[in-house]
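First the structure, in the form of structure tokens, and then the observations on it.
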Amino acid sequence: MRYGNRDVLAGVSFDVHSGETLVILGPNGAGKTTTIEILEGFRRRSSGEVRVLGVDPDHADEGWRADIGVVLQSWRDHGKWRVGEFLAYQGSYYTPFSSASTRRPWPVHDLLEAVGLADQINTPIGRLSGGQRRRLDIAVGLVGRPALILLDEPTAGLDPEARSEFHRIIHTAGTRSDTTVLLTTHDLDEAEILASRVLILAGGSIIADGTPQELARQIAGTDEVRWTENGVPHARSVAESTGFVRELFRQNGNAIADLEVHRASLEDAYFALVREAEATRTEPVEPNAA
């Protein structure tokens, strides 16, 4: 993707598998939102090939769009709509494309219950708090029971309770074998909770692709085990902590206390990989004047 003479995405290539929850991580300006907008068909790419549910988003029809659920960073809707009426109206767009029970729109009350807005069913949208408005955004993205859910910073503005509830909703969606979830986030904890796989974008390119555990192992080949044995503190770096701890207790179980195991986290991997990418990125050198 190019804006003027600047590439905001370059050589980005990946597959998302059916039923996967893929999280795109990256610093501001990495190209996360641009990537998801191209997948939605909202933004036309400069070059390259894209297939979403087997279709090029640039040439997709309404039937394709009925299988896609979208949660943007923000929405602008008329504040006088009542929550239940608005969600029912949004759901009506999916009805002509419903051929199976799993693709019929969610009943409004059931969906509002799921996102914690059942008590606001008759509330005008303009009277919702920021967190409640975000829950409604999520409900709009889910109302058609989509095969693919695309979410751009979906928990921005949510309080911790609402964020936890959102994680539960996405986990529920992700347990259906035919539902695929793709989201962008700045929240490393959120990525570690939700992702079956993580892509890390930096400078418009993919710098890492794997499960949170794989990425953590990529930057730290050892676990650190700390324990006290007969009152004496010990620490050991080991390649595989589970087997080491099992053997430790088999040999000296009665004397072991204060056992701690530190494994590299997704957060450790993220910061290490982004720092490495930024360190190796160089600005183009202007040619010398002839």
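The values are calculated or read from the model by the stated rules, or taken from the named source; none is laboratory data. A quick note: this is a predicted structure, and the numbers were derived from the prediction, not measured. Counting neighbours? That spans all protein chains shown, and the Cβs are built from the backbone with ideal geometry, glycine included.
Observations on the structure shown:
- Condition met for R168 (without any contact (Cβ under 8 Å) to a residue 60 or more places away in the chain and touching a Phe, Trp or Tyr at 6+ places or on another chain (Cβ under 9 Å)): no
- Enumeration of residues in segment 204-214 that are closer than 17 Å to E278 by Cβ and either at pLDDT below 85 or touching a Leu at 6+ places or on another chain (Cβ under 7 Å) (or both): G204, I206, I207, A208
- Test: residue in segment 178-188 that is of a type in the set (S, T, N, Q) and part of a loop (DSSP other than H, G, I, E, B): yes
- Counting residues in segment 66-84 that are surrounded by fewer than 19 Cβ atoms within 10 Å (Cβ to Cβ), part of a helix (DSSP H, G or I) and among the acidic types (D, E) gives zero.
- Condition check for R145: closer than 21 Å to T33 by Cβ, charged (D, E, K, R) and surrounded by 15 or more Cβ atoms within 10 Å (Cβ to Cβ): no
- Neighbours by Cβ (under 6 Å, 6+ apart or cross-chain): first from segment 8-36, among the basic types (K, R) and at pLDDT 90 or above; second surrounded by 13 or more Cβ atoms within 10 Å (Cβ to Cβ) and part of a loop (DSSP other than H, G, I, E, B): K32/G26
- Of the listed requirements (1) modelled with pLDDT under 85; (2) on the phi > 0 side of the Ramachandran plot, D258 misses just one: (1).
- Close pairs (7 angstrom Cβ cut-off, 6 or more residues apart or separate chains): without any contact (Cβ under 8 Å) to a residue 40 or more places away in the chain in segment 229-240, of a type outside the set (D, E) and in a loop (DSSP other than H, G, I, E, B) anywhere: S237/T222; V238/T222; A239/G221; A239/T222
- The residues listed here are G54, G41; of these, the one that is assigned by TED's automatic domain parsing to the domain that holds R127, touching a residue at least 24 places away in the same chain (Cβ under 8 Å) and more than 14 Å from the chain's Cα centre (by Cα) is G41.
- Test: residue in segment 101-111 that is polar (S, T, N, Q) and either buried (at least 20 other Cβ atoms within 10 Å of the Cβ) or in a loop (DSSP other than H, G, I, E, B) (or both): no
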